[in-house]
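Following: one structure in structure tokens, then a few remarks.
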Amino acid sequence: APAVFTEAEVYQRSFDPQEYLKAFYTMSDSQGQPNTFLAKNLKSLYEMFSLEGLSGQTLVDVGCGPTVYQLLSACERFQEILALDYTDQNRRELQKWLKNEAGAFDWSPVVKYVCELEGDREKWAEKEENVRKKVRQVLKCDVTRANPTEPVSLPPADCLLSTLCLEGACKDLATFRSALRNIGALVKPGGHLVLLTVLRETYYAFGNQVFSCLYLERSDVEEAVGAAGFDVRFSEVQPYPPGDARTDCDAVLSLVARRRDPGT
């Protein structure tokens, strides 16, 4: 792991979204080995967004990065999506795909996989269209701020999604807990939080770069979610396949929680 925790400015300066996508978001690697990490995460997201009551008007995706995999099941349950990320080049890369521009990453194998989970692989083009139509805004955010989208104030959303973001953005547990409170305030009471978080990881690497990750146990995440005003409805840990030199991640936590009404 890096000697000093990777600061936000390092992401802004040197995170390469295209290299990141190539490293982690193809369904199989150059040797034809399946990407079990991605497949498991897609399945977890599909299961979480199938839970009763997980639907509504607006969903906010915090720390979307340059990816859309996390929206493929969500887009069936919400009418409008706002995607937020700190890094300018990640937002640009995402916009490229949303606008169907030349040189955008090819998500179609991933979309087909999710459509297969949903029972109709042939609907993949329709799903891509659906995501493109529903992502209304792509905004800058900083989870360490009390209002992460400052100077913009967002109306409270029905659902907040955050996948593989906070553990890379928070240098210690106190920052993680505070970031969850900050983003938790973006959801209306009774609304949901959907998290995908890596456990017991200190770094991830791609290209020639290594990025820090906050070492978290399941209990750290569940306690922080509770302290941010949410009740956990669903929580499941999947082991991470060993032997991947790109990360020392041990497992992935999928979690759904409901925001309590203030005063209860």
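No lab work stands behind these numbers, since they all come straight from the coordinates. Just so it is clear, the structure is predicted and the values come from calculations on it, not from any experiment. Virtual Cβ from ideal backbone geometry, glycine too; neighbours counted across all protein chains shown.
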### Task
Quick one: residue 261 ticks every box in (1) part of a loop (DSSP other than H, G, I, E, B); (2) under 18 Å from the mean Cα position of the chain (by Cα) except a single one, so which number is it?
(2)
### Message
Within segment 116-204, considering only helices (runs of 4 or more DSSP H) that don't extend past its boundaries, which have at least 1 residues that are closer than 17 Å to residue 11 by Cβ and not aliphatic (A, V, I, L, M)?
### Response
166-169, 173-184
#### Entry: Count of residues meeting criterion [outside any helix (DSSP H, G or I) and of a type outside the set (D, E, K, R)] in segment 1-15
7
### Query
In segment 28-74, how many are surrounded by fewer than 23 Cβ atoms within 10 Å (Cβ to Cβ) and either in contact with a His (Cβ under 8 Å, 6 or more places away or on another chain) or not in a helix (DSSP H, G or I) (or both)?
17
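Tell me yes or no: at least one residue of segment 145-163 is of a type in the set (Gly, Ala, Ser) and touching a Phe, Trp or Tyr at 6+ places or on another chain (Cβ under 7 Å).
No: segment 145-163 contains no residue that is of a type in the set (Gly, Ala, Ser) and touching a Phe, Trp or Tyr at 6+ places or on another chain (Cβ under 7 Å).
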### Query
Of all residues in segment 147-171 being in contact (Cβ under 8 Å) with a residue 60 or more places away in the chain and charged (D, E, K, R), which is nearest to residue 61 (Cα to Cα)?
158
